[in-house]
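**Student:** Have a look at the structure that comes next, please.
Derivation of every value follows stated rules applied to the coordinates shown; laboratory data play no part. Quick caveat: nothing in here was measured; it's all calculated off a predicted structure. FYI the Cβ positions are ideal-geometry reconstructions off the backbone, even for glycines, and counts take in every protein chain you see.
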Amino acid sequence: MTLVAQLKLQLTSGHSTLLRHTLHKCNLVCNYISQVAWQQQLFSQFALHHEVYHHVRDTFELSAQATVRCIAKVADAYKKDTKTIRTFRDDGAIAFDSRLLSFSKKNQTVSIWTLNGRIRVPYLCGPRQAELMLHQKGEVDLCLVDGSFYLLASCKQPTQKPILPDGVLGVDMGIANIATDSDGHQYGTNVREIRRKRQKTRQSLQQKKSKSAKRKLKKRSRKERRFRQDVNHGIAKKLVATAKRTNRGIALESLKGIRSRVRACRELRRELHSWAFYDLRLKIEYKAALAGVPVYTVNAAYTSQSCSVCGHCEKGNRRSQSEFRCKACGVELHADINAAINIAAKGAVNLPNGVQ
């Protein structure tokens, strides 16, 4: 499994300027190659290489391997579709391979190719990133974010052999509670209130329009994204640990197209469309793969309206966001817990024969 380690470069002002010039020159070359690709309708890396390689080397005075990487970047950009011409920002990320960049993990330094030759600079990383770097392999992206340079290194992380599960842990995702499992545990119960307070703070600062308010808004930029990432990581880690400890697989509901299907009032629209449920699912899946826990995806249709005890399905069973009362058998449960139990039951059909 490929994971990404984020490393922050510790640069002098001279080195920072040199890397900026390098990014600018490489993206200038990418824009030229993209124009040629669009005009000639050549979108494969092989065809582009034969069309532009020598001209780029002679005109832009770029090294051989840097030219190859620029051609590859343009070809990758056209893989999604060839309906529009691709353009690249001056500070867009550039991929470096082992011929352009090499690590000294013991000293935490990196040797990077630039327009004026190689430079060796130190980098910062946490314990988790240092552990990932032991398995670093493949390309490394050089990125400029808010004035700081980062390296995004691909790391081939070994995974454990999948376990033979004895059951399934169902997980229901929602807005009031980010996740609820079939054991009755709820995760992210206080997130909604935190996000509403932060939204009010942002709105208040936006209305003031003063210089100090703008400085504070800039300082708070990307804070919501980092908050989502941190919460999702924590929830995914707990769910995988529970499944691993109890020797169970994990069943997740498929939420594909949920934003286009669900109708919500204006108050809930922002909450519905801003939380990264797919990001949570991806984090659960990759953490489960590392731990050897199988993950099953099930159809979420009617899991919130069906009784987990008798199976009776009726819209009126779901009396409110949190209250579920079956009109057939009278059982009362928290609505999210009831849905999680139904998801677990659907996921159980994936178990080997003989396992209940």
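**Student:** Treating the angle as unsigned and between 0 and 90°, give the value, to the nearest 10°, between the Cα long axis of helix 223-245 and the longest Cα principal axis of the chain.
**Tutor:** 60 degrees
**Student:** Against the longest principal axis of the chain, how steep is helix 211-220, in degrees 0 to 90 to the nearest 10, with axes from Cα atoms?
**Tutor:** That helix lies at roughly 70 degrees to the long axis.
**Student:** Taking the radius of gyration and the Kirkwood hydrodynamic radius from Cα positions alone, what is the Rg/Rh ratio for the stretch 2-156, to two decimal places?
**Tutor:** My calculation puts Rg/Rh at 0.98.
**Student:** Sorted by mean Cβ packing within 10 Å, highest first, what order do the peptides 69-76, 339-346 take?
**Tutor:** 339-346, 69-76
**Student:** Taking square-rooted eigenvalues a ≥ b ≥ c of the alpha carbon gyration tensor, is the stretch 108-205 rounded, prolate or oblate, where a/c under 1.5 means rounded and, failing that, a/b exceeding b/c means prolate?
**Tutor:** Because a/c hits 1.5 or more and a/b fails to exceed b/c, the stretch 108-205 counts as oblate.
**Student:** Any idea what the dipole of the chain comes to, in debye rounded to 20, about its Cα centre with Lys/Arg Cβ at +1 and Asp/Glu Cβ at -1?
**Tutor:** 1720 debye
**Student:** Can you tell me, using C-alpha contacts under 8 Å and at least 6 residues apart, the relative contact order of the chain as a whole percent?
**Tutor:** 17 percent
**Student:** I would also like to ask the following. Have a look at Leu217, Leu280, Leu333 and tell me which one the Gaussian network model of the chain (Cα, springs below 10 Å) gives the largest fluctuation.
**Tutor:** Leu217
**Student:** Measure out, as a whole number of angstrom, how far apart the alpha-carbon centroids of the stretch 217-232 and the stretch 28-84 sit.
**Tutor:** Cα centres, the stretch 217-232 to the stretch 28-84: 35 Å.
**Student:** For the stretch 39-116, what does the alpha-carbon gyration tensor say about shape, rounded, prolate or oblate, given a ≥ b ≥ c as the root eigenvalues, a/c under 1.5 as rounded, and a/b over b/c as prolate?
**Tutor:** The shape class here is prolate.
**Student:** Compute the signed sum of charges (Lys and Arg +1, Asp and Glu -1) over the other residues within less than 9 Å, Cβ to Cβ, of Ala37.
**Tutor:** Net local charge, Ala37 excluded: 0.
**Student:** Something else now. What fraction of the DSSP beta bridges in the stretch 167-350 is antiparallel, stated in percent and rounded to the nearest 5?
**Tutor:** Counting DSSP beta bridges with both partners in the stretch 167-350, the antiparallel share is about 50 percent.
**Student:** While we're on this one: Tell me, how many Å apart are the Cα centres for the stretch 185-208 and for the stretch 143-159?
**Tutor:** 29 Å
**Student:** Rg and Dmax in Å for the chain, alpha carbons only: what are they?
**Tutor:** When restricted to Cα atoms, the chain yields Rg and Dmax of 25.3, 80 Å.
**Student:** Looking at this model, which pairs from Lys214/Lys237; Lys8/Lys156; Lys137/Lys219; Lys161/Lys346 are more than 26 angstrom apart at the alpha-carbon?
**Tutor:** Beyond 26 Å between Cα atoms: Lys214/Lys237; Lys137/Lys219.
**Student:** So what's the convex hull volume per residue for the Cα atoms of the stretch 167-350, in Å³?
**Tutor:** 120 Å³
**Student:** Between beta-carbons, use under 11 Å as the cut-off and find the net charge around Ser102, counting Lys and Arg +1, Asp and Glu -1.
**Tutor:** Charge balance near Ser102 sits at +3.
**Student:** Could you pull the Cα extents of the stretch 1-77 along its three principal axes, largest to smallest, in whole Å?
**Tutor:** Answer, in whole Å and largest first: 41, 37, 18 Å.
**Student:** Now a separate question. Taking GluC sites (Glu not before Pro) as candidate sites, keep only those in a DSSP loop with at most 14 other Cβ atoms within 10 Å, then name the longest stretch of the chain containing none of them.
**Tutor:** No qualifying site falls inside 62-313, the longest such stretch.
**Student:** Then there is this: Could you point to the residue in Gly249, Gln206, Val171 farthest towards the positive end of the stretch 167-350's charge dipole, with +1 and -1 charges on the Cβ of Lys/Arg and Asp/Glu respectively?
**Tutor:** The listed residue farthest towards the positive side: Gln206.
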